[in-house]
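Colleague: Here you go, one structure.
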Amino acid sequence: MRIVSLIASATEMVHALGLGACQVGRSHECDYPAEVSTLPLCTRPRFEVEGSAKEVDQRVRAALGDAASVYEVFDDVIERLQPDVILTQSQCRVCAVSREDVEAALAGRFGGHPRTVVALEPYSLECIWEDIRRVASACGVSGAGDELVARLQRDMDSYRGAGGGARVAVIEWQEPLMAAGHWTPELVELVGAVNVDSADLSAADPDVIVVAPCGYGLEKTISEMHWLTERPEWPGLRAVREGRVYLADGNAYFNRPGPRVVQAVRILAEILRDERDSGEGWMRFQPSSALPAIQK
């Protein structure tokens, strides 16, 4: 079995299923577990990824207008790797390489011999579980897929009820302001909190704000907080006045629909039931102080 994964969440599924030794290629975003960093790169973005939240958003929109895809697929590399299974996604052209990108790049390759292409569709929590099962089935380990899903569900259930009914807004992008969607509202509700729309902070006036931008770790997230703190309504928000604004690692946990989605639930539970200022993958936002040590 030879597997090429073109999406980070699928790479984590492959390793959680015990198939890490079978993965022979990865996308530019696949960074966990650490050993995948030595695998050949099979994709790259067509836009400059460095810059502010606003600049990145503008570049992505321009790339979508100028090209069929915002990502380039290295068809020659994939052909050389001769995968049996190629893992990608069909949910979002911005988030990662899509099934259409893969099929267009590989048309006519492999001497006409078909390869199994599995496109993940993580629109909800249940979809994540189904994606794990579909990856497992395509790779010939259906039983391991069922066992992994059952274990992740048990782990997630241990955090139920931690929210105490708090009204929580999860922000997925700082400029322009975007509310987290798909499975994230389900995670908020699972811990016993109430998900509110962060796209209109003034109207929502949440008890707790969690900022977890797509593709950003904690250091990048705090460097972009000025987009929120400079908004005229920011100082008057309940969560801001009461010091209940938190930053979370969106790249690793909240926006990666794979096995570590359980860690996103754990982060929400810790934020809502603990009095600590930080934990693994999250920290309380303290604008008047220097960036504290971040727990990796």
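Colleague: Mind checking which residues of segment 161-178 are closer than 18 Å to Lys220 by Cα, crowded, with 16+ Cβ neighbours inside 10 Å and of a type outside the set (D, E, K, R)? Give the derivation first.
Modeller: In the first step, residues of segment 161-178 are kept if they are closer than 18 Å to Lys220 by Cα; the result is 170-178.
Now restrict to residues that are crowded, with 16+ Cβ neighbours inside 10 Å: 170-175, 177-178.
Result: Val170, Ile171, Trp173, Gln174, Leu177, Met178.
Colleague: Quick one: Pro235 ticks every box in (1) free of Cβ contacts under 8 Å to residues at least 24 places away in the same chain; (2) assigned to a loop (DSSP other than H, G, I, E, B); (3) not acidic (Asp, Glu) except a single one, so which number is it?
Modeller: For Pro235, the failing item is (2).
Colleague: Within segment 238-251, which residues are more than 18 Å from Ala53 (Cβ to Cβ) and in contact (Cβ under 8 Å) with a residue 12 or more places away in the chain? It would help to see each step written out before you state the result.
Modeller: Within segment 238-251, the first condition is being more than 18 Å from Ala53 (Cβ to Cβ), and the residues that meet it are 238-244.
The answer is Arg238, Ala239, Val240, Glu242, Gly243, Arg244.
Colleague: Additional query: Only one of (1) part of a helix (DSSP H, G or I); (2) without any contact (Cβ under 8 Å) to a residue 12 or more places away in the chain; (3) of a type in the set (Gly, Ala, Ser) is not met by Ser202, so which one is it?
Modeller: So Ser202 meets the others, but not (2).
Colleague: Another question, if that's okay. How about segment 179-195: which of its residues are hydrophobic (A, V, I, L, M, F, W, C) and open to solvent by 40 Å² or more (accessible area, probe 1.4 Å)?
Modeller: So the first thing to find is which residues in segment 179-195 are hydrophobic (A, V, I, L, M, F, W, C), and the list is 179-180, 183, 187-188, 190-191, 193-194.
Residue satisfying the conditions is Val194 alone.
Colleague: Can you confirm whether segment 150-173 contains a residue that is touching a strand residue (DSSP E or B) at 6+ places or on another chain (Cβ under 8 Å), within 30 Å of Met1 (Cα to Cα) and not aliphatic (A, V, I, L, M)?
Modeller: no
Colleague: Within segment 120-155, count every residue that is open to solvent by less than 10 Å² (accessible area, probe 1.4 Å) and modelled with pLDDT under 95.
Modeller: The qualifying residues number 2.
Colleague: From the list Ser158, Ser223, Ser198, pick out the single residue that is open to solvent by 50 Å² or more (accessible area, probe 1.4 Å) and either within 18 Å of Ala53 (Cα to Cα) or of a type in the set (Val, Ile, Thr) (or both). Outline the logic, then answer.
Modeller: Values: Ser158 fails: either within 18 Å of Ala53 (Cα to Cα) or of a type in the set (Val, Ile, Thr) (or both); Ser198 fails: open to solvent by 50 Å² or more (accessible area, probe 1.4 Å).
None of the other options fit; the residue is Ser223.
Colleague: Then there's this: Among Ile267, Ile209, which is part of a helix (DSSP H, G or I) and touching a strand residue (DSSP E or B) at 6+ places or on another chain (Cβ under 6 Å)? Let's see the steps before the verdict.
Modeller: Values: Ile209 fails: part of a helix (DSSP H, G or I).
It is Ile267.
Colleague: I need a count of the residues in segment 201-217 that are modelled with pLDDT under 95 and buried (at least 23 other Cβ atoms within 10 Å of the Cβ).
Modeller: Matching residues across segment 201-217 total 2.
Colleague: Something else now. Taking Ala252 as meeting all but one of (1) more than 22 Å from Tyr32 (Cα to Cα); (2) at pLDDT 95 or above; (3) among the small types (Gly, Ala, Ser), write down the number of the exception.
Modeller: (1)
The values are calculated or read from the model by the stated rules, or taken from the named source; none is laboratory data. From a predicted model like this one, the values you see are computed outputs, not experimental measurements. Ideal geometry is used to build each Cβ from the backbone, glycine not excepted, and the neighbour counts take in all protein chains shown. With ligands, DNA and RNA removed, areas are computed over all heavy atoms of the protein, side chains included. Shrake-Rupley method; radii C 1.70, N 1.55, O 1.52, S 1.80 Å.
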